[in-house]
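Written below as structure tokens is the structure these notes are about.
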Amino acid sequence: MKFNEILEEWTTSRTFAYLGAAAACAAAASAYKRAQAKGRSRLYVLLAMAWAALTVYDVWDSRQGESEEDGDNVDDWGTPSAV
């Protein structure tokens, strides 16, 4: 598999925006830590973690939609259903 194919398969239209927001929050956390503002630093660390978690959830959710389309005749237990 080529890198471009992997990138297309494992990203959504919002992935890089979410990662950019997480990186911005991490940079702000670092700046506040250097400025000895620990409360705000912790806030931005939590925001960065939230953006990263949202990225993972978004990719996971998009992959779930694809797997549901692939297995239309499979019930909740993974066994073929009578159609």
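The values are calculated or read from the model by the stated rules, or taken from the named source; none is laboratory data. Note that the structure is a prediction, hence the values are computed from the model and not measured. Neighbour counts are summed over all protein chains in view; Cβ atoms, including those assigned to glycine, are modelled from backbone coordinates with ideal geometry. Side chains included, ligands, DNA and RNA excluded: accessible areas come from the protein's heavy atoms. Shrake-Rupley method; radii C 1.70, N 1.55, O 1.52, S 1.80 Å.
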Scan the range 44-54 and tell me whether some residue there is within 22 Å of residue 8 (Cβ to Cβ), surrounded by 12 or more Cβ atoms within 10 Å (Cβ to Cβ) and aliphatic (A, V, I, L, M).
yes
Number of positions in the range 23-43 that are open to solvent by 60 Å² or more (accessible area, probe 1.4 Å) and either over 19 Å from residue 55 (Cα atoms) or in contact with a Pro (Cβ under 6 Å, 6 or more places away or on another chain) (or both):
8
Which residues, taken from the range 1-40, are touching a Phe, Trp or Tyr at 6+ places or on another chain (Cβ under 7 Å), over 21 Å from residue 65 (Cα atoms) and touching a residue at least 24 places away in the same chain (Cβ under 8 Å)?
21, 22, 25
Single unsatisfied condition, residue 6 versus (1) surrounded by 12 or more Cβ atoms within 10 Å (Cβ to Cβ); (2) part of a helix (DSSP H, G or I):
(1)
